[in-house]
Amino acid sequence: MSRLEAKKPSVCKSEPLTNETVRATLSVLKGVLTSCYGPSGRLKQLHNGLGGYVCTTSQSSALLRNLSVTHPILKILTTSVQNHVSCFSDCGLFTAILCCNLIENVQKIGLTPTTVIKLNKHLLNLCTNYLKSEACGCRIPVDFSSSQILLCLVRSILTSKPACMLTRKEIDHISALILRAFLLTIPENTDDSIILGKSIIVPLKGQRVTDSTVLPGVLIEMSEVQLKRMLPIKKASALKVALFCVSLSGDFADTGEGTVVVSYGMSLENAALDQLLNLGRQLISDHVDLVLCQKVIHPSLKQFLSTHHIIAIDRVGVALMEPLSKVTGTQPIGSIGSVSSSSYGIVKELCSAKFGSKHFFHLIPNEATICSLLLSNRNDTAWDELKLTCQAALHILHLTIKEPWALLGGGCTETHLAAFIRYKARNEPESILTDDGCTQAELQLIAEAFCSALESLAGSLEHDGGEIVTDMKYGHLWSVQGDCPSVVNWPDLLSRCGCGLYSSQEELSWSFLRSTCHPFAPQTCLPHKTVSPTSNLIVDCLTAKLSGLQVAVETANLILDLSYVIEDKN
Amino acid sequence: VVMAYRAINKRRHIGLQQLSSFAETGRTFLGPVKSSKFVTSGDCLESVSVSSAVRLLESLDLSSSTVGQLLKEAVHAQHNAYKTGGSTLLFLAGAWSSAAEECLRLGIPVSTVASVMSEGVGSCIEEVASLQVPVHSVFGHGDNTKTISGLETPRVGSCPFLQVPAGAGGIKEEHDFRDASQPLSTHSPSRRPVKPPEFFSLPAKVKAGTEASQALRSSLHTDTCSRKSALILSRHFNQADDSLWISKPDGFLEQHSAATPETYRCRDLVELAVGLSHGDLSTMELVEAAARLQYQKASVRQGHCTVPFVLDVSRIFTCCLPGVPGTFSCVCSGYVTVVSTASMTLIKELENQPVQVVLIEGDLTESYHHLGFNKSANIKTVLDSAELPGDSSEELWASRVLQVLTQFNVNLILVQGSVSESLTEKCVHSKRLVVGSVGSGVMQAFAEAAGAVPVTYITQVSAACVGSGVSVTVWRAPLEVGGRNDGMPVLVTVEGINLITAVLTSSVTAQIRAKEDRFWTCAYRLHHALKEEKVLLGGGAVEFLCLSHLRILAEQSLRRGDHTCSGWLHNTSSWLASSLPAYRPAVLERLAEGWRRYLSALMCNTATCSTELGAYTFIEHHVQNAAGSGSPSVYILNEYSKLNSEIFNADIPGKLEQVPRVYDSVTPKIEAWRRALDLVLLVLKTDSEIITGLGHSQINSQELEGLLFL
């Protein structure tokens, strides 16, 4: 007998953003994210309070994955940031903090959401058009014929993740490795479309960071004893490879429901083994040199193959199957019955390698875009952070090859953009407002909210009580000690701007952020001002930042637009 | 609500405080004289005796604190990688976290503290390269029979660092290294413990020994001269880019600027082993014997090996025999394991003949299947005819196994997994010995030496898989070991096997685990020393150098206010980079204080100084001298050589005792420092903890303080 229970009525709350607790939680979340931002950001220890693994991080991807927020507004925010991070791997905190800032600033103004949303969209368009245009003063071209800007790009990502616990030397080492790994994934002979390969990150925990290295091809880890048994590999020429994704362990495929009745004295296991041995004979007659299996190979089959000088490696794991299929140039064999002479692939060389206490089989391909990045760090939590960071950096390089531009980092793009918007809103408001009923006064208000959201985002880079100033020529960010006297000799107090492009000795004038100063048109960097080989720029990926900007504004708009939260209490 | 957030870095840094108080528990484990601790559980009457940082943290429940968890993780990672340096890590993590906390209290920004501390420790690591001692060809030249126990050691001269009092080293046992089937053993003679020097001894002691040392010094010189032909320059040493040392045409490394030309190197296994023993000579004796055995085997295998010999720890195993007196500890070539007393007579019968062996990688049971084999549940076996099978399937299987064993004339089965008991019994009846739970390294050693091929199932056995020439003997006469009714040790070996078992015995069962730990610590220290071909001067010398070096650095940056070293701060455009010189002296000073605390803990533990204050004045005295001398490393080397030649041990009236040098392995030590620093910086840079996956109900009301919910 089933029992019916009356449904509870849904709960409907209006104007969720006006709720005090919602505002409070939003500001806590903003506080958490802001304190993580940038190279000197503070770390967070994530744990379950029951003695589980402690994750120390300041990365949005790790943070948001573990944060479980309950309020729908916070959920909208975290989900859209996570979406952005999964597509672009970078600028997650940028997006989240900017979104929070926009919501916070706009609420103080008291315009209707419709107007705010409309104007935010205009300003967003203004920004994206500017950042994509030739006239943009805060972006530089990425030159793929030299490693300089690419290294800067990677180094900027590594420095912005303090939980990796890298020293400067180690950052240089890892940046070079990441770049090399990236270059190994670019095919040498290209027709019309380039298909980039893959870098596999191989854990090498407990070693020194400088023991990390990158190798072309695939590494398969195995115990020393296993490896010794297979060595030495006699063949010098290329090896013929059979790659199986089906289990060769000799058990029976799922028989489904019902019972299989076997008469006494019959052994299904032996029958299955006979089949496997037949397969083994076929492999021998086809002159296969190497058998790789995702799952388990029956010990008897292994023994049979090894007596015929075929190397059999099993339990390769699903993660390596795609790279292996690329390296060997063959599709994995999915059924024992369907092996034909066309199902085999080739590897150029097979050798053994030892890194730290780990032993590997190293498959070297003829020309494939697969490489292995052996990554080491001293402790587990720093290793996890480093792994995420390296993945992000490799992804960013892939994005950059599609759109070869970089934005100046270190907060300079944000302050520059704010200066640009202020100037446009003041001097050419009609170019922004396309007659849809918004007044110029409204534009001034929202533009100020937008700009101060950007500027306070740039100010979030500061965690030790410093202040942010901006110059009146390029609109770049400069950091200065907190309690400095108001009348100072700026050029001596400041050294370089946030991204490192300009030095304070260039006859500039400065002003504090949030101070009322006359809007100015920020200048583009001069052509000769392109990067000198010694300079160490901080740059960000254009694609990722552009998307971050869009996601932040659109999410803020969405949240501002919410008028009811309806909750099903059942 | 399933997530809470707590700021831990408001005004006082709770994380750093926790770290330093956790680390305080490991203070007594520092140095050669360790005091054990009893860890008792509150509710039941269990207690464990621990004497190392790893074991201590293992037995503490630190699940309530994230910092404790991280500390445990760091010490474990160090232990797993190097088997030594755990206590150093623990202590330094504590000392430096209080240093960092003090810097914060002074108002120095977190990023600056992190940056300067990282710079300071990095600079120390570079600096201690000058105290590296090259190690090479410690096995290379003659006199291989000399061991720590001093069996054939001439009294003075060739072994200048250890004088064995006459009469104490008298227990000898005839060794026959060529006959591998004979168990080799090295007794631990009850000998006066040699007290290792605690960096350098108190000045009073040094003076007392001046006169008596003259004779020794001369003998030391003649000794070094007679052996110079064997010296090979270490490439590591040449890379260590220090200008302090130059290599003379005659092959000696000489200290360039020092007043007394004194050569520093380590070419003698005994000296190296004693130096690395850190006071635990009896354990190091076992390791040294194992190293000699392995070296002999290696030279037999490959003739005169060109690559330097490295102790291969993966081919050393331990067999613990609790309840057997400690003097029975020894190392044997081959595999020692405990088998049931029921096979006693069988072993006696097998003893005088070479037997054939089979190696089974899985379990030896009827139901066993290899890993990854999924047994279908819905298969039913039916009988077609009325003919009933006579035996159960288990018996059928057992008889098949025996059939295979008989067919290939196999008398010994080594099994990696577990073994069916009924089969073991049956095998005993047919004069076959089955040994279960054998490690994979042991299997591999037998595979290599006996020519066997490991298989998973007994049905896979073919003539090519069977190994031969294995001997099985009782390890020592049963009467000697005596009193054990749960099993008896047997030695399984084969000609040329690259496998060594260290049999560790102790009459106190509770000590056996600590003994095993100590064995591995010593073995790994020697392993690293031989692998890296260099060691550090130990006994506090490197720490003292770090202390003096940091003091000098702090003073220099105070005087010059130099802007040069800001390279450690990643973001050079930040104001932090330009304000760094102002804070650097204070941070370096606190960091140096950490080293000073380390040294004084070391001295108090070894009772070199009875009070903290005494240690403090003593250390300060030497730091002043070192700073005054211009080069702390030269000062240390000079003090060290004084110590080596001038110490007079007042405890033995009328007898001169040379104090051996103390050595430390290089990478494990430096990695322990770096790990300790990383841990401190990780905690320092953390401002809050986020607890996930909790409901309101699971958090106690008193813990709720300071929590924010999302």
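The table for this structure:
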read-out	value
Fraction of antiparallel bridges per DSSP, the stretch A:282-432 only, in percent to nearest 5	70 percent
Accessible solvent surface per residue of the stretch A:18-101, calculated while the other protein chains remain in place, 1.4 angstrom probe, Å²	31 Å²
Helix axis angle, A:148-159 relative to chain A longest principal axis, alpha carbon, degrees	90 degrees
For the stretch A:285-325, residues shielded by at least 10 square angstrom of accessible area compared with the chain on its own, probe 1.4 Å	A:VAL296, A:HIS298, A:PRO299, A:SER300, A:GLN303, A:ARG315
Coil-residue trypsin sites (Lys or Arg not before Pro) of the stretch A:205-303, DSSP, other Cβ within 10 Å capped at 11	A:LYS234
Amide H partners (placed H, <5 Å) of A:LEU43, local residues excluded	B:THR686, B:ASP687
Unsatisfied cross-links (Cα-Cα over 28 Å) in the set A:LYS473/B:LYS685; A:LYS169/A:LYS205; A:LYS348/A:LYS402	A:LYS473/B:LYS685; A:LYS348/A:LYS402
Placed amide H near A:SER89: partners under 5 Å, 5+ positions off or other chain	none
Ordering of B:29-37, B:66-74 by packing [mean C-beta count within 10 Å, highest first]	B:66-74, B:29-37
Among the listed pairs A:LYS44/B:LYS34; A:LYS302/A:LYS354; A:LYS240/B:LYS531; A:LYS295/A:LYS545, those beyond 32 Å (Cα-Cα)	A:LYS44/B:LYS34; A:LYS240/B:LYS531; A:LYS295/A:LYS545
Karplus 3J(HN,Hα) series, Hz, for the stretch B:400-414 with 6.51 cos²θ - 1.76 cosθ + 1.60 (x for Gly, Pro)	5, 4, 4, 4, 4, 4, 5, 4, 9, 6, 9, 10, 9, 10, 9
B:ALA463-A:THR210 pseudo-label distance in nm [points 7 Å out on the Cα-to-Cβ vector]	5.7 nm
Residues of the stretch B:317-419: accessible area per residue with a 1.4 Å probe, Å²	49 Å²
Rounded to whole Hz, the Karplus (6.51, -1.76, 1.60) HN-Hα couplings of the stretch A:36-49, x for glycine and proline	8, 6, x, x, 9, x, 8, 8, 10, 9, 9, 7, 9, x
Inter-part distance where the stretch B:402-450 and the stretch A:114-129 are each reduced to a Cα centre, Å	79 Å
Number of partner chain Cβ atoms within 10 Å, mean per residue of B:108-115	4
The stretch B:622-637-the stretch A:188-221 distance, computed between alpha-carbon centres (Å)	48 Å
Other protein chain Cβ atoms within 10 Å, averaged over every residue that makes up B:440-447	2
Whole-Hz couplings from phi, Karplus 6.51/-1.76/1.60, listed for the stretch B:518-531; x for Gly and Pro	5, 4, 5, 4, 5, 4, 5, 4, 5, 4, 5, 4, 6, 5
Total accessible area lost when A and B pair, probe 1.4 Å, Å² to nearest 100	6700 Å²
Low-density loop positions, trypsin sites (Lys or Arg not before Pro), the stretch B:315-413 - DSSP coil, at most 16 other Cβ in 10 Å	B:LYS375
Accessible surface of the stretch A:1-133, 1.4 Å probe, proportion on carbon and sulfur as whole %	55 percent
Residue mean of other protein chain beta carbons inside 10 Å, B:365-376	5
Candidates per GluC sites (Glu not before Pro) in the stretch A:182-266, loop by DSSP, up to 12 other Cβ within 10 Å	A:GLU188, A:GLU257
Per residue solvent-accessible surface (Å²) - the stretch A:177-220, probe of 1.4 Å	48 Å²
Rounded to 5, percent antiparallel among DSSP beta bridges of chain A	75 percent
Rounded percent of accessible protein surface that carbon and sulfur make up, the stretch A:179-304, 1.4 Å probe	51 percent
Under-5 Å amide H pairs with B:CYS319, H placed in peptide plane, nonlocal only	B:ALA502, B:VAL503, B:LEU504
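The values are calculated or read from the model by the stated rules, or taken from the named source; none is laboratory data. What you see is a predicted model; the values in this text were computed from it and never measured. Don't worry about glycine lacking a Cβ; one is built from the backbone with ideal geometry, like all the others, and counts go over all protein chains shown. For the accessible areas, the whole protein counts, side chains as well, though only heavy atoms, and no ligand, DNA or RNA atoms are used. Shrake-Rupley method; radii C 1.70, N 1.55, O 1.52, S 1.80 Å.
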